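Q: Below you'll find the structure I mean.
The values are calculated or read from the model by the stated rules, or taken from the named source; none is laboratory data. Since this is a predicted model, take the numbers as computed values, not measurements. Methodologically, a virtual Cβ is constructed for each residue, glycine included, from the backbone with ideal geometry; neighbour enumeration extends over all protein chains shown. What goes into the accessible areas is simple: the full protein's heavy atoms, side chains included, and nothing from ligands, DNA or RNA. Shrake-Rupley method; radii C 1.70, N 1.55, O 1.52, S 1.80 Å.
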Amino acid sequence: MDYSPFQIFGFQHLASLLICVTVIIGFPSLYKNKSESIKVNGAKIAAGLIALHLVTQPIYDILLFNLPWQDELPLHMCDFSSIALIIFLLKDNAPKLLFHCAYFWGICGATMALLTPDLEYAFPHGEYTPFFFGHSLILLAVFYVLIVKRDRPHLADIPKVIVTTSILLVGVYIINVLMGPPANFWFLVDRPDGGSLMDYFPDPPLHLIGVIPLGIFLFYVAYLPFLISDLTSKNLQHED
């Protein structure tokens, strides 16, 4: 079967983004004012869907699409986000750092993935729906914590996330080098197949000179909604 090439910000892409945003915001909104027991069930549903996708994606990627197993290990940044969110949603008194990392990795990584998908073909190719489904689940879980559990990161948490990310980055880079092509976790050794901001940086591995500062910058951009909200609340208190 011949498939049309994926067109970034084409009608199909924009329609998919609209569906994703609706589900990402809509699911947590359903549980916002419910009882604690119902909220717990919602968290279990979100965590269960993420876990199901995390386990099944490598299987059908390898069996159905003949993708190399080397690139299917759960070592992508979105995989780390997924694992952190599963633990945070299911475990009482889970370390806050898990959600803080998942928030910044998810908002920056999963959002970028949805906006600039690493896809070669458009729907109905088999990779299309799971790609949008998996990345949307990450953001859905992030917003579930924000809206339902009413948890959030603070400015002082960003350096902790940067340090954690840097430690993991070194480890993931070493794994990429040891495994060799086509391993490209975190896109540390090559650019994504689709268009992305990495296209504006030098050829790999020198692209990391620009990618790492960009990542840190995006962390602070992702914090802007909280900063604006805090400043607005402070100004309103002063006025009172």
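Q: Dipole of the stretch 1-114 (Lys/Arg Cβ +1, Asp/Glu Cβ -1, origin at the Cα centre): which of Leu73, Leu85, Gly10 lies farthest to the positive side?
A: Looking along the dipole axis, the top candidate is Leu85.
Q: Using the charge dipole of the chain (Lys, Arg: +1 at Cβ; Asp, Glu: -1 at Cβ; taken about the Cα centre), state which of Asn33, Pro58, Ile19 has its Cα farthest towards the positive end.
A: Towards the positive end, the residue furthest out is Asn33.
Q: If you don't mind, there's one more thing I want to ask. Just to check I understand the Karplus step: with θ = phi - 60° and J = 6.51 cos²θ - 1.76 cosθ + 1.60, what whole-Hz values come out for the stretch 116-123, glycine and proline as x?
A: For the stretch 116-123, the Karplus-derived couplings read 10, x, 7, 10, 8, 10, 7, 4 Hz, x marking Gly and Pro.
Q: Same structure, new question: Where the only charges are on Cβ atoms (+1 Lys, Arg; -1 Asp, Glu), what is the dipole of the chain about its Cα centre, to the nearest 20 debye? Write down the numbers at each step before the final one.
A: Details: 12 positive and 19 negative charges, 209 e Å.
Charge dipole of the chain: 1000 debye, to the nearest 20.
Q: Using 1/(1 + (r/R0)^6) with R0 = 35 angstrom and r between the beta carbons of Leu227 and Leu52, what's the FRET efficiency to the nearest 0.05?
A: My answer for the efficiency is 0.50.
Q: Tyr121's amide H: which non-local residues (gap 5+, or another chain) put their own amide H closer than 5 Å, with H modeled 1.01 Å from N in plane and none for Pro or chain starts?
A: Sorted by chain and number, the residues that satisfy this are Phe6.
Q: Using only Cα atoms, find the angle between the long axis of helix 11-31 and the longest principal axis of the chain, and express it within 0 to 90 degrees, rounded to the nearest 10.
A: 40
Q: Given +1 on the Cβ of Lys and Arg, -1 on the Cβ of Asp and Glu, and no further charges, what dipole in debye does the stretch 36-178 carry about its Cα centre, rounded to the nearest 20?
A: For the stretch 36-178, the charge dipole is close to 700 debye.
Q: Could you state the angle between the C-alpha long axis of helix 128-144 and the longest principal axis of the C-alpha atoms of the chain, as a value from 0 to 90 degrees rounded to the nearest 10?
A: Value to nearest ten degrees: 20.
Q: Here is a follow-up. From Cα pairs below 8 angstrom and at least 6 apart in sequence, can you work out the relative contact order of the stretch 50-206, rounded to a whole percent?
A: It comes to 26 percent, rounded to a whole number.
Q: Carbon and sulfur together cover what percent of the accessible area of the stretch 50-143 at a 1.4 Å probe radius?
A: Answer for the stretch 50-143 is 69 percent, counting heavy atoms of protein chains only.
Q: Here's a follow-up. Residue by residue through the stretch 167-178, which ³J(HN,Hα) values in whole Hz follow from phi under the Karplus form 6.51 cos²θ - 1.76 cosθ + 1.60 (θ = phi - 60°), with glycine and proline marked x?
A: Per residue, the Karplus-derived 3J(HN,Hα) values read 5, 5, 4, 4, x, 5, 4, 4, 4, 4, 5, 5 Hz.
Q: Hey, another quick one. Once Cα extents along the principal axes in Å is worked out from the coordinates, which option in (1) 61, 38, 35; (2) 93, 69, 45; (3) 58, 55, 40 does it equal?
A: Recomputing Cα extents along the principal axes in Å here picks out (1).
Q: Just to confirm the number: angle between the C-alpha axis of helix 77-90 and the first principal axis of the chain, 0 to 90 degrees, nearest 10?
A: Helix 77-90 sits roughly 40 degrees off the main axis of the chain.
Q: At 1.4 Å probe size, with every protein chain present, just tell me what the per residue accessible area of the stretch 104-154 comes to in Å².
A: 36
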